[in-house]
Amino acid sequence: MNKKVALRYEDRYLMERRVAITPSHVAELIKKHNLEFYVEKSEKRVFKDNEYAQSGAKITDNIEDIPVVFGVKEMPNDLFQPNHTYIFFSHTIKGQPYNMASLRKMVKQKINLIDYEKVRDEHGRRTIFFGKYAGLAGMINSLWTLGQRLKAKGIETPFASLKQSHLYHSLDEAKTEISRAGMDIVKNGLPEELTPVVIGITGYGNVAGGANEILSLLPTKEISPKALLELKNSGQLPNNVLYKVIFKEKHLAKHIKKDKAFNLQEYYNHPEKFVGTFEQYADKLTLLINAMYWDTRYPRLISNNYLKYNYSNEHKLIAIGDITCDPKGSIECTIDCTTIENPVFVFDAKTGNKTDGFEGEGISLMGVDILPSELPRESSEGFSNALFDFVNKIVTCDYSKPFSELQLPPPIKRGLILHNGNFTPEFKYMEDYIK
């Protein structure tokens, strides 16, 4: 029975500081299950090497011989060793072209791949995720983006005092600052030319939950999408409140047959029968927070074609926080994901070009794709809590047995994409991606 397990150094992004398992949980797993932990050296990790050493782990430069490796983001191809087990966000399940070489290598090396994104309970709900923290950091960054963009336009608001998420010492400090901005809005209001300030959120899952947690610190009034269309863009409305609108699937699309009502299950099963309707709301929003799942089967929210013919300096939409960050996806002007070091660009709808920063013609877009790493300690602790009960079973599993006989917890087994280099039943469709 294997007892050796490694935590790898995250090298996918310069500012990636998260961990899958925290030092306190490492100590607990060693004590409870007698596991042998090997932690790859890292100077940037939010939990330092000496914290892991004190927990009982061995700090090392080389984890090649360790048969089970936990990480967070994609791993380099030269790390993969034959017949080993790797647990991380592989970003392969949609056939992402930039990771297909990695997937082929894992197949060739007869690897066991467990992807956190597909670890789900019997109802299909994800059990191990950073989503809430993406929402928390994403909303903080989006409010900061809105403030900086308005400042660049010569409009001062309380949002200009906010900072990017990773510049706060803790989530609590960020929340205190946002609450302070909220009190300023209540007391002094927002500039009349912005009224009403409307923040739209697409989705209602974990990511949206985190975004709403931050937004609740501000003076908000929730209205329906229908009420949004009737909301007047004038100074007649109070300037010391923000309007919040939650968009669900039924607000994003309609059936191609005019007389057919929206049906959620049909939308999931046959999205090709639907066309997008979200653009009718775009010129009513000040800030859009995109927090929903999307893939290429579904209609876009905002197309570049819409922006080209409808966007001007008079358009109300100032900024977009694309938390889901699918390049050229549901928000087509998300040309690329952005980085923590360079988080925002301005998209010029007429030329289709972008300019880094807050200056220029067009919409400001924040599309950082590792947002939870801007809250590295809190997000790692939450993630490790969710993963903890599964770790021992993952490490000690005998992967030489047939898939049907693997002694893995059901949620983990649902997330097993490759078993000894073969796609498991649910993921047979992925064979087409590597042909």
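Build a GNM of the chain with springs between Cα atoms under 10 Å apart, and of 390, 37, 80 the one that fluctuates most is 390.
The alpha-carbon of residue 44 sits under 16 angstrom from the alpha-carbons of these lysines, leaving out residues fewer than 8 places away in its chain: 73. Report, in degrees rounded to the nearest 10, the 0 to 90 angle that the Cα long axis of helix 131-152 makes with the longest principal axis of the chain. It works out to around 40 degrees.
Translational diffusion coefficient of the chain at 25 °C, 0.890 mPa s, Stokes-Einstein with Kirkwood Rh over Cα pairs, in µm²/s as a whole number. Could the numbers behind the result be given before it?
Working: Rh = 23.2 Å.
After rounding, the answer is 106 µm²/s.
Expressed to the nearest 5 percent, the antiparallel share of DSSP beta bridges inside the chain is 30 percent.
Only bridges whose two residues both fall in region 131-374 count here: according to DSSP, what percent of them are antiparallel, nearest 5? List each step's numbers first, then the result.
Details: 10 of 33 bridges.
About 30 percent, rounded to the nearest 5.
What net charge do the residues around residue 89 carry, taking every other residue with its C-beta under 13 Å from that of residue 89, with Lys and Arg at +1 and Asp and Glu at -1? Write down the numbers at each step before the final one.
Values: positive: 8, 12, 18, 73, 94, 118, 126; negative: 10, 16, 74, 115, 117, 369.
It works out to a net charge of +1.
Less than 10 Å Cβ to Cβ from residue 268, Lys/Arg counted +1 and Asp/Glu -1: what total charge do the surrounding residues give? Net local charge, residue 268 excluded: -1. In the chain, the DSSP-assigned H stretches of four residues or longer account for a calculated mean residue ellipticity at 222 nm of -9000 deg cm²/dmol, using -39500 (n - 2.57) per stretch and the full residue count as denominator. The alpha-carbon of residue 428 sits under 17 angstrom from the alpha-carbons of these aspartates and glutamates, leaving out residues fewer than 8 places away in its chain: 115, 117.
Put simply, the Cα atoms of region 197-320 extend 43, 34, 25 Å along their principal axes, the longest span coming first. Distance from the alpha carbon centroid of region 346-368 to that of region 268-301 works out to 20 angstrom.
Counting only alpha carbon atoms, the long axis of helix 206-215 and the longest principal axis of the chain meet at about 50°. Here region 161-182 and region 226-264 have alpha carbon centers that stand 30 Å from each other.
Within a straight-line Cα-Cα reach of under 19 Å, residue 151 can be paired with the following aspartates and glutamates, leaving aside sequence neighbours fewer than 8 residues apart in one chain: 177, 184, 192, 193, 314, 348, 356, 359, 361. Just checking the listed ones, 379, 364, 179: in the Gaussian network model of the chain with Cα springs under 10 Å, the one fluctuating most is 179. Note that region 371-384 has calculated 3J(HN,Hα) couplings of 3, x, 6, 7, 10, x, 6, 5, 5, 5, 5, x, 5, 4 Hz, one per residue in order, obtained from phi through the Karplus relation 6.51 cos²θ - 1.76 cosθ + 1.60 (θ = phi - 60°); glycine and proline are x. Using a 10 angstrom cutoff on alpha carbons, build the Gaussian network for the chain and name the most mobile of 342, 290, 392. Largest GNM mean-square fluctuation: 342.
None of the figures in this text is laboratory data; all of them are computed from the coordinates on show. Everything numeric in this text was worked out from a predicted model, so none of it was measured. We place every Cβ from the backbone using ideal geometry, glycine too, and count neighbours over all the protein chains shown.
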